[in-house]
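First the structure, in the form of structure tokens, and then the observations on it.
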Amino acid sequence: MDFRFNVFRNALGAAVLAASLLVINPAAAVAGAGADPAEVSEASMSLAEITGLPTTVTTLADGVVLEAVDPEAAAEYDAQVAPDSYPCNSACDDKSPYYMWHPPGGPSEYFSCIEGSYPKYSLFSGNDRVYLQYSPRCRSVWARGPHAYNFVVRSWNGTTLRKQRYTESVSSTGDMSYVYTVMLNDKNLKADVCSGGASGSVTSHCTAKF
């Protein structure tokens, strides 16, 4: 396995372990969206810094920065993380990323969707960065970003919007602790993440779909 991917996987493993140790209320994590204490330090980090994978960066006229992991590098990583993936499909809809998926094979085969997940896209505006997180094992997506920021993850079937899930602004103190939305199924579907969108209002910027 390429050294770059070893470093990336080790970093992700450490983040997952930290998250499992810091979740104070496991019931809340299972029930839906909530605080993601393992991600606090990523507020100013690019996708390239987080993943160690090559990325493309686009700066819009208003200064918003869109970043995407290179599709070939992402596909290579996905194949290594989930060579025999048994995705949860629609069973992942509206579940926490910490949801424990139970594929066939018994308890030894169970895993959390956050294991091996990584951000494929990000949207950076001012001091706020929103990520579109992807789980190659569960084939699911969710959005995460600062808890003082509104954002939405959207699931598409072709050009038809299938579902969208929001995280509302809960603080005006500038606290950069990260929160996440619930997951949405991404098998044979498209997804994107947008800033804004509080209470179903018009979003301000969106990543590309994948």
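Bear in mind these aren't lab numbers, they're just calculated from the coordinates by the rules spelled out. The model shown is predicted, which means the values in this text are computed figures rather than measured ones. Here the Cβ positions follow ideal geometry from the backbone for every residue, glycine too, while neighbour counts run over all protein chains shown.
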Measuring from label point to label point, each 7 Å out along Cα→Cβ, what is the ALA91 to THR159 span in nm?
3.5 nm
Of all chymotrypsin sites (Phe, Trp or Tyr not before Pro) in the stretch 93-173, the ones in DSSP coil with at most 16 other Cβ atoms within 10 Å are TYR110
